[in-house]
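Chemist: Got a structure for you, questions after.
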Ligand code: SF4
């Protein structure tokens, strides 16, 4: 397992100027800097390739750059700007990192192994403002958006966990935070992740998860990049959804579904809906029937995730019977449905749990 350097450049008491987080810079910014410093612009792509394919964690490793350029890069930039606080591995191979950012904020990211797939789940904000009642990430609200570089750094840190023969195959923006509340940071990071000199991952293998913010869904559609969109519904009617996903009070299910339809029309990507099944709350036959009604006529994949209870919150796992009935009602109505267990449960792989559990805190909870 590679251990990455701790950052020493962000002390507020330091008199030396803070180095620039290179992962926050676009290719054009780097090209301009290279030219100003007497180097050829094509070096920018070379440097990117070292970072993303070469998995370089220091400029010294970039052996086809001149010693002078490596020294200049080292003087001005950092590659990793955060530090790993903890790394946990579960029996099924899921690995979860808690990362401390330069300003002390903490976020989580996860590497999932599933057959040949190497998927990562990445955070977009410190905390979350959406307040889903069963989620640890939103318990303290949101502190701030992550920069594109901070999102990319999570991806690179997770890539470091893989042997050289393996590559990251899928990205899911479903960690801590609401990705569509930080669209500039998320799109900047994903632009690099899908680029040839970045991680080279097709947008078709990148999923952006959202509770459903219609104006931001429209902006995402306007970007013209066919990312997969996964909308977390968690309830089939406004009354229940507003209880479970408080932001629904301002938005409402119908506008979310209409925005999802517009996204489907412009991107051509099949829609995915997520539904955390909470025992005795949203797992009744009537909920399943209402769900089939609101999804009628839509080409969707419905991911249903039976809840796993954790200390501190009053939610429980649905019974086997209610899971079976829920499934049967959806399938009988022709809904494509996929029931799945979350991986890595014993390492608190749901977003926000690790951060809250550190130091023996018990206010953990489950998230999507
Ligand atoms: S489930 Fe997702 S959107 Fe809801 S509070 Fe947690 S992180 Fe935010």
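Chemist: Could you please find all residues in the range 203-215 being within 26 Å of residue 326 (Cβ to Cβ) and outside any strand (DSSP E or B)?
Modeler: 211, 212
Chemist: Another question about this same structure. Among 120, 151, which is free of Cβ contacts under 8 Å to residues at least 40 places away in the same chain and surrounded by 24 or more Cβ atoms within 10 Å (Cβ to Cβ)?
Modeler: Result of the check over 120, 151: 151.
Chemist: Something else now. Only one residue in 139, 146, 183, 199 is away from the ligand (no atom under 16 Å from the Cβ) and either in contact (Cβ under 8 Å) with a residue 60 or more places away in the chain or in the same structural domain as residue 311 (by TED's automatic domain parsing) (or both), so which one is that?
Modeler: 199
Chemist: Tell me the residue from 327, 262, 298, 289 that is closer than 23 Å to residue 217 by Cβ and at pLDDT 95 or above, please.
Modeler: 262
Chemist: Take the conditions under 18 Å from residue 232 (Cβ atoms) and in the same structural domain as residue 134 (by TED's automatic domain parsing) and apply them to residue 314. Does it pass?
Modeler: no
Chemist: Return yes when residue 188 is within 16 Å of the ligand (Cβ to nearest atom) and within 20 Å of residue 146 (Cβ to Cβ) and no when it is not.
Modeler: Answer is no for this residue.
Chemist: Also: Which of (1) touching a helix residue (DSSP H, G or I) at 6+ places or on another chain (Cβ under 7 Å); (2) outside the structural domain of residue 35 (by TED's automatic domain parsing) does residue 100 not meet, given it meets every other one?
Modeler: Unmet for residue 100, out of (1) touching a helix residue (DSSP H, G or I) at 6+ places or on another chain (Cβ under 7 Å); (2) outside the structural domain of residue 35 (by TED's automatic domain parsing): (1).
The values are calculated or read from the model by the stated rules, or taken from the named source; none is laboratory data. Given the structure is predicted, the values throughout are model-derived calculations rather than measurements. In this analysis, Cβ positions are derived from the backbone assuming ideal geometry, glycine residues included, and neighbour counts consider all displayed protein chains.
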